[in-house]
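Colleague: My questions all concern the structure below.
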Amino acid sequence: MSEETAARRGRGRRPAAEVRAAVLAAAGRILLQDGMQAVTFDRVAVEAGSSKTTLYKWWPSPGVLAAEAYFALSRRTLEFPDTGDIRADLIAQLTAFVRYLKEEGAEKPVSELLGAAQLDPGLARAWSESYALPRRALARERLRVAVRQGQLREDADLDIIVDQLWGACYHRLLVLRVPFDESLVERLVDQALYGSAPHGAHLS
């Protein structure tokens, strides 16, 4: 053990990765329990056993911290499965997303984060670059595999499929503000995969 490491341990300082994980866990708990407005640097620092100075150094605003905490919380829940059956995998992933929103407490925080992102460029950038675009890439890659396996047409518009599925949930959540639950999922997936035309019909 180096003298620097010994000195650090002697002062009781935790490794940066450990501090960051504790901060994100604390911010995530606060976000789900009390909403975005409760995620302040003061409260998170106290609950994480960290200094407020550290939080200011790592995150430009409490909103960006709240967003990163949401990303960390949702990552495992919203993993994209690959069982070889694209319909089943889309249903499984979208069901996990809707259940996370409606049953596991994420609906209010997500609405608040997306609302705040309209006025906070740093939060908007964090949401897009660290969450929305990476999750979209995961969905598109799973759909590409389905194309290679012959489960989707070679000319299928993968971005439109993603928009139809997840966009429909965000539209109901943020624009229409109407109730929905996981019973919507199978209908969304079948509509995206099979469309509205009668079987065997060729529309001009």
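Colleague: Based on C-alpha coordinates, I'd like the Rg and Dmax of the range 88-196, in Å.
Modeller: 14.7, 43
Colleague: In deg cm²/dmol and to the nearest 500, what is the mean residue ellipticity at 222 nm of the chain if only DSSP H runs of at least 4 residues count, each as -39500 (n - 2.57), divided by the residue total?
Modeller: The helix-only estimate for the chain comes to -20000 deg cm²/dmol at 222 nm.
Colleague: Give the value in nm², to one decimal: projected area of the alpha carbon convex hull of the chain, averaged over all directions.
Modeller: That works out to 15.5 nm².
Colleague: Moving on. Quick check: convex hull of the Cα atoms in the range 132-191, volume per residue, rounded to a whole Å³?
Modeller: 89
Colleague: Rounded to the nearest whole Å², what accessible area per residue is found for the chain with the 1.4 Å probe?
Modeller: Heavy-atom SASA per residue in the chain reads 58 Å².
Colleague: Right, another one. As I understand it, the value is the acute angle between the Cα axis of helix 107-117 and the longest principal axis of the Cα atoms of the chain; what does it come to in degrees, rounded to 10?
Modeller: That works out to roughly 80 degrees.
Colleague: Can I ask one more? Just to confirm the number: angle between the C-alpha axis of helix 158-170 and the first principal axis of the chain, 0 to 90 degrees, nearest 10?
Modeller: It works out to around 70 degrees.
Colleague: Can you pull the percent of the chain's accessible area that's carbon plus sulfur, 1.4 Å probe, other chains left in place?
Modeller: 52
The values are calculated or read from the model by the stated rules, or taken from the named source; none is laboratory data. None of these values were measured; they are calculated from a predicted model. Side chains included, ligands, DNA and RNA excluded: accessible areas come from the protein's heavy atoms. Shrake-Rupley method; radii C 1.70, N 1.55, O 1.52, S 1.80 Å.
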